1. Considering every residue within region 83-95, establish whether at least one is in a strand (DSSP E or B), surrounded by 12 or more Cβ atoms within 10 Å (Cβ to Cβ) and at pLDDT 95 or above.
2. With (1) touching a residue at least 24 places away in the same chain (Cβ under 8 Å); (2) over 30 Å from ALA48 (Cβ atoms) as the list, and GLY180 as the residue in question, which single condition is left unmet?
3. Do the conditions hold for GLU101, that is, is it part of a loop (DSSP other than H, G, I, E, B) and at pLDDT 95 or above?
4. Go through the residues of region 107-126 one by one and say whether even a single one is in a loop (DSSP other than H, G, I, E, B), under 24 Å from ALA177 (Cα atoms) and either among the aromatic types (Phe, Trp, Tyr) or in contact with a helix residue (DSSP H, G or I) (Cβ under 9 Å, 6 or more places away or on another chain) (or both).
5. Looking at (1) of a type outside the set (A, V, I, L, M, F, W, C); (2) outside any strand (DSSP E or B); (3) crowded, with 16+ Cβ neighbours inside 10 Å, can you tell me which one THR175 breaks?
6. For region 123-145, does any single residue satisfy the condition of being free of Cβ contacts under 8 Å to residues at least 40 places away in the same chain, of a type in the set (S, T, N, Q), in contact with a Gly (Cβ under 6 Å, 6 or more places away or on another chain) and under 19 Å from ALA33 (Cβ atoms)?
7. Looking at (1) crowded, with 17+ Cβ neighbours inside 10 Å; (2) more than 17 Å from the chain's Cα centre (by Cα), find the lone condition where LEU122 falls short.
8. Which one of these does ARG152 not meet: (1) over 24 Å from ASP167 (Cβ atoms); (2) charged (D, E, K, R); (3) modelled with pLDDT of 95 or more?
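The values are calculated or read from the model by the stated rules, or taken from the named source; none is laboratory data. Predicted model only: the values in this text are computed from it and were never measured. Because the Cβ atoms are built from the backbone with ideal geometry, glycine has one as well, and the counts that use them run over all protein chains shown.
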Amino acid sequence: MSTTSATSSASDEPAVSAADLPGYETGTWAIDAVHSEIAFSVRHLGIANVRGRFDDFEGEIVLAENPLESSVRATIRIGSVSTGHDQRDAHIRSEEFLHAEGFPEMTFRSTGVRRGGGDGFLVDGELTVRGVTRPVTLDLELNGFGKGYEGRSVAGFSATTQISRKDFGVTGGPTGAALGDTIKITLEVEAGRV
């Protein structure tokens, strides 16, 4: 996926019936950060992948009667970045990278949902990092629905995308040349019905 997405509306897409999605439940769902993960990876020196994650985030998913009219929004706190190395984490939070002090949050807001390959979906949206907003498309898989604690309905989603860090002004300063431009993002989301 690139940060450039085609504009499409649900009305342009073949109909998707809730009946096509086993267990599908409409309504508003809150992302459960304890059972979810926002992870990323980037090439270092062109030969290895450095991986990390964000531990503090929240979001809301609204599943509509027509799945293609569903929406999602999420907020991620930059200060919660973790790569397993304190010095590197501090550098990522610095002005050379994500500038957590000036821009403490990054956000995602969906703008449309389309059918993807197989049983998947493409979620078009806007990602804002360091005050810069760019279009991003998530390649999403609906993992299913079930019952959690106390009988609460839960839903699971997996999604991937990739972005250009330079598109968002993330240069990395002098050490940035050692890093690839492409950031791969992987989302594993569990959400509970509100």
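1. No.
2. Status for GLY180: all satisfied but (2).
3. yes
4. No, because not a single residue in region 107-126 is in a loop (DSSP other than H, G, I, E, B), under 24 Å from ALA177 (Cα atoms) and either among the aromatic types (Phe, Trp, Tyr) or in contact with a helix residue (DSSP H, G or I) (Cβ under 9 Å, 6 or more places away or on another chain) (or both).
5. With (1) of a type outside the set (A, V, I, L, M, F, W, C); (2) outside any strand (DSSP E or B); (3) crowded, with 16+ Cβ neighbours inside 10 Å applied to THR175, the lone miss is (3).
6. yes
7. (2)
8. (3)
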